[in-house]
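Have a look at the structure below before the remarks.
The values are calculated or read from the model by the stated rules, or taken from the named source; none is laboratory data. These figures come from a predicted structure and were not determined experimentally. Please note: Cβ atoms are built from the backbone with ideal geometry, for glycine as well, and neighbour counts cover all protein chains shown. Quick note on the areas: whole protein, heavy atoms, side chains included, nothing else; ligands and nucleic acids left out. Shrake-Rupley method; radii C 1.70, N 1.55, O 1.52, S 1.80 Å.
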Amino acid sequence: MKFYITTPIYYVNDIPHIGHSYTTIAADIMARWKKLNGFDVFFLTGTDEHGAKIAAAAKEKGKTPQELVDETSAQFKEAWKLLNISYDRFIRTTDADHISATQNIIDILFQKGLIFKKTYEALYCVGCERFYPEKDLIDGLCPFHKTKPVLQSEENYFFKLSSFSDALHDMITNPAHKEHIEIQPEERRNEIIGKLKLGLEDVSFSRAAIDWGIPVPFDKKQTVYVWVDALTNYITGIGYPKDEQLFKKYWPADVHLMAKDILWFHSVIWPAMLLGAGIPVPKKVYSHGFFTINGEKMSKSLGNVISPQELVDKFGVDAARYLTVTLIAFGPDGDISWDALTNKYNVDLANNLGNLISRALKLAEKNFDLKVPNVKPDLELAEKTAKILNEDFAPAMDGLYLHKAAEALQRALTEINRRIEFDAPWKLAKTDLQKLSSCIFSYLQATDLILIHLLAFMPALAEKIWTITGASGNISETAKKYFADKTIPQNGFSPSGAQLQSPGVLFPRIQNGGK
Ligand code: MSP
C-alpha cells in the first residue's frame, strides 16, 4: 500500500518560521508513522518561487528574483534538515521538470477548450496572490492580510471554473463517488460546500504584467498564474508527465496538508484543474488551524516570529518537533507561546517520560549492575500500555489528530508512573529482590512500547533511549514488526541480562520566561 503526503510549498519571500514548521513536522510525523505501518510512502515538500509577491520582495531587498529564491529555498532546506524532516523530494517551482510539466498541464486545459481570453478588472491581493470579489472583503480589506487589494485590469487567459461547480459539489458531498474528495475538518468542509452551492466564477490563469513566472506555452507574452504553477507541484513532484511509473505509483495524493488560509485553492481550484485535464483528484485535503503567538498574529513588525533554530536551541530537535505539533489541538485555531511550550516540555517530557526512564534505570543501576534483571518475563504492564496505545494512539494518528495521539501516549506514561508509585520499588530493594527484578523488567518493557510509538515524533531520541533501556534490534524494524502483528516478544523488548546504559539527564527541566 502506498501513502503520498504533501505540505504546501512555501513562499520564499519569508524565511522559515514555526508556522511552516508546524505543517512540515506534522507531515513528517505522518510519513514516518505510515512507513512504520508498512506503507510505501512518498513525502513531498518544497518552495513556491514565482509571482508578483516574490518579484516585489526581491526588488525590496535589492536582489534579482533568482538570487532571492536560491537563497531562501536553501534556508528552508536547512531548516528541514535541522528538524530531521524525512522528505523524499524538495521541489522548487523553478526546477526545469516542474516548469515543463506546468506548461504541459495548462496546454492540456487549453486544448480541451477550458481556457479562454478575456479582459478583466478586479481587486488583487498580492499577499494572497489572488483576486477578490468585493463581497469577500472585510471593510474593503483582504480577510487574511488586512490590506487593501489593488485594482488590476488585464487581458488574461481564464479557466472555466464555473463549469465545475456541480461536479465538485458531488465529489465532495458524496462519499460513494468514485473520486470522492474528503475535506477535513467538518466545519471547513461545510464552508466549501456552502460556497460551491452559490456557484463558481471563472478564474484568471495567466498574468500579462508579471515576468517572474512560467511562460504560457501558447502565448509567451503572458506567464502562468502563480497558484496554477504552485498547485501543479503535487503532480510534477512525483514525475508527471515524464516518469509515468512513479506518477502512477503514488498519485492520487492521500493527504494534502495545509492551514485554512489556502484550503480554497486545494479543495476547489486544484481538483477542477485535474478534472479538466482528466487526472484523478486527491483523496483528502486536510486543513489544520492557524495559530497566533501570545494572542497576536505572527509578524516581523511585532517581532514575535519563532524560528526553527530558536525552538531547537531551547528544547533540542526532538522535543521541538513533539511540542510544536502537540501544543494546540490539530484542526482548530489556537495560540502558542514560549511559556506554554516550556510548560508542556516540563510536564510531558521532563516529568512524565524523563522520570520514568530515570527511575527504572536508576533502580537497575543500584541493584542489578545496570543489567535487565533475570526473571520470568512479566508483560502485564506492557500489555496494559499496549491496550491504551492500540485503542487511542493508533486511531488518532490515522485520523491526523496528533494532539490526541500525544494525549494517549501521556496517559499511558501516567499509568506506568502510577504503577511505579504503587509498587514503591525503592522499598523492595531491602525486602523482596525477586519482586524488584520483576518490577524493573516490566517497567522497561512498557517504556520500550512507549518508545516505539514515540518514534515518529522523536526519531533520534526514541532511538537513543531504545539503546539505553537495553532493547534489542533496531527500533524501526522492531516497531514495524510490532505494528504488523501487535505482539510483544515473549521475552520482552529488553530481554533479561541485556546491558542498560546510564541515561544521564535526558530532559533537563527548563525555566519559564524568555525565549
Ligand atoms: N505558496 C503558498 C502555498 C502553495 S501550495 C500549492 C503559500 N505559502 S505560505 O508560505 O504562505 O505557506 C502557508 C502555509 O504555511 C499554511 O497553509 C500553513 O501550512 C503554514 N502556516 C504558516 N503560518 C501558520 C500559522 N500561523 N499557523 C498554522 N500554519 C501556518 O500559501
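Table for the structure above
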{"read-out": "Pairs, first under 19 Å from Ile193 (Cα atoms) in the range 242-268, second within 11 Å of the ligand (Cβ to nearest atom) and open to solvent by 60 Å² or more (accessible area, probe 1.4 Å), C-beta under 7 Å, six or more apart", "value": "Ala259/Phe290; Lys260/Phe290; Asp261/Phe144; Asp261/Phe290"}
{"read-out": "Conditions (1) away from the ligand (no atom under 15 Å from the Cβ); (2) open to solvent by less than 10 Å² (accessible area, probe 1.4 Å); (3) within 20 Å of Asp48 (Cα to Cα): number failed by Leu196", "value": "(3)"}
{"read-out": "Which listed residue, of Leu349, Leu341, Leu361, Leu257, is open to solvent by less than 10 Å² (accessible area, probe 1.4 Å), within 16 Å of the ligand (Cβ to nearest atom) and assigned to a helix (DSSP H, G or I)", "value": "Leu341"}
{"read-out": "Residue match in the range 84-93 (condition: open to solvent by less than 10 Å² (accessible area, probe 1.4 Å), over 15 Å from the mean Cα position of the chain (by Cα) and within 15 Å of the ligand (Cβ to nearest atom))", "value": "yes"}
{"read-out": "Any hit, the range 306-325, residues being within 16 Å of the ligand (Cβ to nearest atom), assigned to a loop (DSSP other than H, G, I, E, B) and at pLDDT below 95", "value": "no"}
{"read-out": "Failed criterion for Ile262 (all others in (1) within 13 Å of the ligand (Cβ to nearest atom); (2) open to solvent by 10 Å² or more (accessible area, probe 1.4 Å); (3) of a type in the set (A, V, I, L, M); (4) under 21 Å from Ala96 (Cα atoms) hold)", "value": "(4)"}
{"read-out": "Residue in the range 473-492 that is nearest to Ile450 (Cα to Cα), counting only those that are touching a residue at least 40 places away in the same chain (Cβ under 8 Å), open to solvent by less than 60 Å² (accessible area, probe 1.4 Å) and under 30 Å from the mean Cα position of the chain (by Cα)", "value": "Ala479"}
{"read-out": "Breaking point among (1) closer than 23 Å to Ala209 by Cα; (2) at pLDDT 95 or above, for Glu78", "value": "(1)"}
{"read-out": "When residues of the range 281-301 are limited to those that are closer than 16 Å to Thr6 by Cα and away from the ligand (no atom under 11 Å from the Cβ), the one most open to solvent (accessible area, probe 1.4 Å)", "value": "Lys283"}
{"read-out": "The lone exception for Pro332 - which of (1) at pLDDT below 95; (2) within 20 Å of Gln501 (Cα to Cα) it fails", "value": "(2)"}
